[in-house]
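The values are calculated or read from the model by the stated rules, or taken from the named source; none is laboratory data. Just so you know, these numbers come straight off a predicted model, no measurement behind them. Because the Cβ atoms are built from the backbone with ideal geometry, glycine has one as well, and the counts that use them run over all protein chains shown. The accessibility values were calculated without ligands, DNA or RNA, using every heavy atom of the protein model including side chains. Shrake-Rupley method; radii C 1.70, N 1.55, O 1.52, S 1.80 Å.
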Amino acid sequence: MSKIVIFGTGDIAQLAHYYFTTDSPYEVVAFTVDKAFLTQDSFCGLPVIGFEEVTSRYPPTEHSMFVALSYAKLNQIRKQKFEAAIEVGYELCSYISSRATALNGNAFGRNCFILEDNTIQPFAKIGDNVTLWSGNHIGHHSTINDHTFISSHVVVSGGVTIGESCFIGVNSTLRDHVNVGNFCVLGAGTILLSDAAEYGVYSTPETERSRVPSNRLRNI
């Protein structure tokens, strides 16, 4: 089995360890974080070491790396660690769930995290360092560019282009052939029917609480 080191010790790193261990040809052998954030010696039963020392303990000639970080600071921290791992010589591996329906000819970049129940139609392209949480639909001929994070149950229709370092919230719907500019944020439940400008923030109002309390509802 190919050996990998996971960057991170948070919830996403724990999930990455689970998915790689149970559903991939990779063996996770260690975790790493920047030395300034090193607060524990082990995680998931494996050693945690400072990133500054990782190449000497787990050389890139024998190990790959996966950067398991969230969309914090609009994906820029994950992007920085992705680039740092490449700079010191690591190959960045991707996880593609065996329970995803990927019909795009394996057109995935490096360090992708594609979870279960994603449907990726033919001719769709997924760039580097992209996260697709569970249950999304990525339509035919769509392109998801580098360092973007798509939450669960998002519908990306055919021919859509999503720019670099975007965040797409749960249950969002993107109409066919729209373009989403770089660094866009689409909040939960957003319905996008036209192009989204670079650095745009799009959100829908939160559902208001009814004036009638639940103990006065007659039909429930």
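Key figures for this structure:
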| read-out | value |
| --- | --- |
| Residue match in the range 122-137 (condition: aromatic (Phe, Trp, Tyr), touching a residue at least 12 places away in the same chain (Cβ under 8 Å) and part of a loop (DSSP other than H, G, I, E, B)) | yes |
| Close pairs from the range 191-220: first surrounded by 10 or more Cβ atoms within 10 Å (Cβ to Cβ) and of a type in the set (Val, Ile, Thr), partner part of a loop (DSSP other than H, G, I, E, B) and at pLDDT below 95, Cβ under 9 Å, at least 6 apart | Ile191/Thr204 |
| Matching entry among Asp128, Asp117, Asp146 (being open to solvent by 40 Å² or more (accessible area, probe 1.4 Å), under 22 Å from Tyr18 (Cα atoms) and not hydroxyl-bearing (Ser, Thr, Tyr)) | Asp117 |
| Wholly enclosed helices (runs of 4 or more DSSP H) of the range 1-115 bearing at least 2 residues closer than 25 Å to Phe167 by Cα | 11-22, 76-87 |
| Residue within the range 26-39 that is at negative phi, of a type in the set (Lys, Arg) and without any contact (Cβ under 8 Å) to a residue 40 or more places away in the chain present | yes |
| Residue count for the range 28-37, restricted to those that are open to solvent by less than 70 Å² (accessible area, probe 1.4 Å) and either at pLDDT below 95 or of a type in the set (A, V, I, L, M, F, W, C) (or both) | 5 |
| Residue within the range 170-188 that is farther than 25 Å from Phe123 by Cα and open to solvent by less than 20 Å² (accessible area, probe 1.4 Å) present | yes |
| Members of the range 75-92 found to be under 13 Å from the mean Cα position of the chain (by Cα) and surrounded by 20 or more Cβ atoms within 10 Å (Cβ to Cβ), listed by number | Asn75, Arg78, Lys79, Phe82 |
